[in-house]
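A.B. asks: Quick one: structure below, then a few questions.
The values are calculated or read from the model by the stated rules, or taken from the named source; none is laboratory data. Quantities reported herein were computed from a predicted structural model and do not represent experimental measurements. For neighbour counting, all protein chains shown are included, and Cβ atoms are generated from backbone atoms with ideal geometry for every residue, glycine included. Protein only, heavy atoms only, side chains kept; ligands, DNA and RNA dropped before computing areas. Shrake-Rupley method; radii C 1.70, N 1.55, O 1.52, S 1.80 Å.
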Amino acid sequence: MQAFMTTQHGGRTEVGALATQAMEESFQDAPPGTVKAGGMLELRETMVVAANTDVIIEPTDDGCVVTGTRGKNNECRLIFRHAYCHVRCDIRIPNGAADARITYLRSPSERSPSLGELHSINICQPLLRMRSDAGGFSMTLDYHADPLYEVQGILWRGGLLQISRIGLTP
């Protein structure tokens, strides 16, 4: 995974380099199927890392989504080739899914060479649903990182989610 985040700059190797242009990951290039627990799927600018459970790349009418299984033990990391200041993530939560947690991961640095946790958001199921919301609900998470604490990835733990798009801005 470290090699995926490595960039060459004038003969110097840099891990966690800042992006120079905006990028959108909609998982269009991802082959539908399963990334087995402990496995990785390298896309052009994003790496899907399945931790202790399988991650599923599922085709939908609007393209592909990264999803998991029913239950509360999902764990998936979406690692970006470069670090970004602004992350916008479109998520759908099916009815009956367990609570989940999204954590933004900090880019590695000389003083901290691993992907550290920056900020977490808990996604809890509402107690009551409106009838028109029978299929679940969608939300967009928007995060702006402070300078020197840019985002290099997203960690999802817990209940079933469907991540359809991630917009990244330097």
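A.B. asks: How many residues are over 14 Å from residue 139 (Cα atoms) and aliphatic (A, V, I, L, M) if we restrict to segment 67-124?
C.D. replies: Selection size over segment 67-124: 8.
A.B. asks: Hey, another quick one. Yes or no: residue 70 modelled with pLDDT of 95 or more and open to solvent by 80 Å² or more (accessible area, probe 1.4 Å)?
C.D. replies: Here the answer is no, as residue 70 does not meet what is asked.
A.B. asks: Same structure, new question: Just to be sure before I move on: is residue 57 farther than 25 Å from residue 149 by Cα, at pLDDT 95 or above and within 16 Å of the chain's Cα centre (by Cα) in the structure I sent? Walk me through how you get there before you give the answer.
C.D. replies: Numbers: farther than 25 Å from residue 149 by Cα: yes; at pLDDT 95 or above: yes; within 16 Å of the chain's Cα centre (by Cα): yes.
So residue 57 passes the test.
A.B. asks: On the given criteria, is residue 64 part of a strand (DSSP E or B) and open to solvent by 10 Å² or more (accessible area, probe 1.4 Å)?
C.D. replies: Working: part of a strand (DSSP E or B): yes; open to solvent by 10 Å² or more (accessible area, probe 1.4 Å): yes.
So residue 64 fits the description; yes.
A.B. asks: Tell me, please, whether a residue that is part of a strand (DSSP E or B) and touching a Lys or Arg at 6+ places or on another chain (Cβ under 6 Å) can be found in segment 35-50. Give the steps one after another, and end with the answer.
C.D. replies: Taking segment 35-50 as the starting set, the residues that turn out to be part of a strand (DSSP E or B) are 35, 40-42, 46-50.
Still in the running and touching a Lys or Arg at 6+ places or on another chain (Cβ under 6 Å): 49.
The answer is yes; a qualifying residue exists.
A.B. asks: State the number of residues belonging to segment 74-118 that are open to solvent by 10 Å² or more (accessible area, probe 1.4 Å), among the aliphatic types (A, V, I, L, M) and not in a strand (DSSP E or B).
C.D. replies: Count: 2.
A.B. asks: Are any of the residues in segment 27-34 open to solvent by 10 Å² or more (accessible area, probe 1.4 Å) and assigned to a strand (DSSP E or B)? Steps first, answer last, please.
C.D. replies: Going residue by residue through segment 27-34, those that are open to solvent by 10 Å² or more (accessible area, probe 1.4 Å) are 28-29, 31-34.
Retained after the next criterion (residues that are assigned to a strand (DSSP E or B)): 33-34.
Yes - at least one qualifying residue is present in segment 27-34.
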